[in-house]
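Trainee: Below you will find the structure I want to go over with you.
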Amino acid sequence: MNWLLVIAGAAVGAPLRYLTDRAVQARHDTVLPWGTFTVNMAGCLVLGLLTGAVAAGAASSSLQLLLGTGLCGALSTYSTFSYETLRLAEDGARLYAAANVVLSVVVGLGAAFAGVRLAEALWT
């Protein structure tokens, strides 16, 4: 049964990633991959919120599988982040590549911490 929860979450997360990435990237005329950045930060925030909710006893392990492993696993994409960063560097946009790495790590960790803190505020 657990694998069905992961599949269900992923079935929503993967198309959501694709559609969000395309919508965000279409609005920005820049070499930075803002679409991938957006879905990755959303995944960090949701996973932080879910982690905090589980720690507070407000979310079940089933919800963690559905949303954490399934949805967030398919929504966020480390491989695309890596590929796009490599392409920036190879195309001579090394400053943009470095900015993509630094922004992704700093904002991603910040979003995860913010999600945990928000969960603590809501459920403790």
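The values are calculated or read from the model by the stated rules, or taken from the named source; none is laboratory data. Just so it is clear, the model here is predicted, and its values are computed rather than measured. Please note: Cβ atoms are built from the backbone with ideal geometry, for glycine as well, and neighbour counts cover all protein chains shown. Calculation scope for accessible area: heavy atoms of the full protein, side chains included, ligands and nucleic acids excluded. Shrake-Rupley method; radii C 1.70, N 1.55, O 1.52, S 1.80 Å.
Trainee: If we keep just the residues of the range 9-45 that are among the aliphatic types (A, V, I, L, M) and open to solvent by 50 Å² or more (accessible area, probe 1.4 Å), which is farthest from Trp123 (Cα to Cα)? Give the steps one after another, and end with the answer.
Mentor: Step one: of the range 9-45, the residues among the aliphatic types (A, V, I, L, M) are 10-12, 14, 16, 19, 23-24, 26, 31-32, 39, 41-42, 45.
Those still in the list that are open to solvent by 50 Å² or more (accessible area, probe 1.4 Å) too: 11-12, 16, 19, 26, 31, 45.
Working: Ala11: 28, Val12: 26, Leu16: 27, Leu19: 32, Ala26: 38, Val31: 40, Leu45: 16 Å.
Among them, the one singled out is Val31.
Trainee: Quick one: in the range 10-34, of everything that is closer than 24 Å to Leu95 by Cβ and free of Cβ contacts under 8 Å to residues at least 12 places away in the same chain, which residue is nearest to the chain's Cα centre (by Cα)?
Mentor: To start, the set of residues in the range 10-34 that are closer than 24 Å to Leu95 by Cβ comprises 21, 24-34.
Remaining after also requiring free of Cβ contacts under 8 Å to residues at least 12 places away in the same chain: 25-30, 34.
On the way: Gln25: 16, Ala26: 19, Arg27: 19, His28: 19, Asp29: 22, Thr30: 21, Trp34: 12 Å.
It comes out as Trp34.
Trainee: Are any residues in the range 77-100 in contact with a helix residue (DSSP H, G or I) (Cβ under 6 Å, 6 or more places away or on another chain) and open to solvent by 60 Å² or more (accessible area, probe 1.4 Å), and if so, which ones?
Mentor: Passing the criteria: only Tyr96.
Trainee: Could you tell me how many of the residues in the range 35-84 are in a helix (DSSP H, G or I), free of Cβ contacts under 8 Å to residues at least 40 places away in the same chain and polar (S, T, N, Q)?
Mentor: 5
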